[in-house]
C-alpha cells in the first residue's frame, strides 16, 4: 500500500500554489482528453474533504487506485486537475469496498466555489441519483436500479452539455435531465459518510462545439 502523509501533502501544496499532489499518472489520449490511472506523481489535485491515498487494489487497471477512507464526514470530495469545463464527458470506475451507513461513489462536475453537481451510486441502496450541492445537498432526480455490488468494480459516466445532464451506471443510461443552475466548473470524485471506495480509470473529455 502506498500512502502519502499529511505532512507530505501540505509540503507539496506549498510548492504548487495550494494544489495537493497524489501518486498517479495523467496522460493525454487526445488533444483535450485527460486520463488518470494513479501510477505516477502528478500535480493539481485538490482535496476538499476526506482521506485520499493511492493503494494497491485488486482489479484496478494498473494494480493501483485512488481510495477514500475517511468515515466521519458528511461528504468527501477531491477535485482533479484541469478545467473549468462547461460541456464535458466524464467516466470513472469505482469499487465500493465497505460502509455501514453508505457505500457510495460519485462523479462531481461543474465544481466552482464549493458548489457542484454529483451523480452517485450506492451499494446499500437501489437507486442512482443526481444532486446539486450549495451549502447542503439537494436531490434533483432519482432512478431505481439494482444496487451495485460491494467489492466489485462498476462504471459511472456523466455527460453535461448546456442544461442537459445525463448519467450512466454500468453502461446503462438512467438519467436525462435539464438543470441550469451551474454553468461551468471542475471535475472530481465523491463519497459519502463512512463509504470506503476505490476509483480507477478517470477520463475527462471536454466537449468542443467549435
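Observations
- Positions within the stretch 171-194 being more than 14 Å from the chain's Cα centre (by Cα) and buried (at least 17 other Cβ atoms within 10 Å of the Cβ), in sequence order: 174, 175, 182, 193, 194
- Across the stretch 116-142, the qualifying residues are those that are out of contact with any strand residue (DSSP E or B) (no Cβ under 7 Å at 6 or more places or on another chain) and under 15 Å from residue 195 (Cβ atoms), and the one among them that is surrounded by the fewest Cβ atoms within 10 Å (Cβ to Cβ) is 124.
Conditions (1) modelled with pLDDT under 95; (2) in contact with a helix residue (DSSP H, G or I) (Cβ under 7 Å, 6 or more places away or on another chain); (3) under 29 Å from residue 33 (Cα atoms), marked per residue:
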position	(1), (2), (3)
121	no, no, yes
126	no, no, no
136	yes, no, no
144	no, no, no
148	no, no, yes
154	no, no, yes
157	no, no, yes
163	no, no, yes
170	no, no, yes
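The values are calculated or read from the model by the stated rules, or taken from the named source; none is laboratory data. The structure displayed is predicted, hence computed values, not measured ones. Cβ atoms come from the backbone with ideal geometry, glycine included; neighbour counts cover every protein chain shown.
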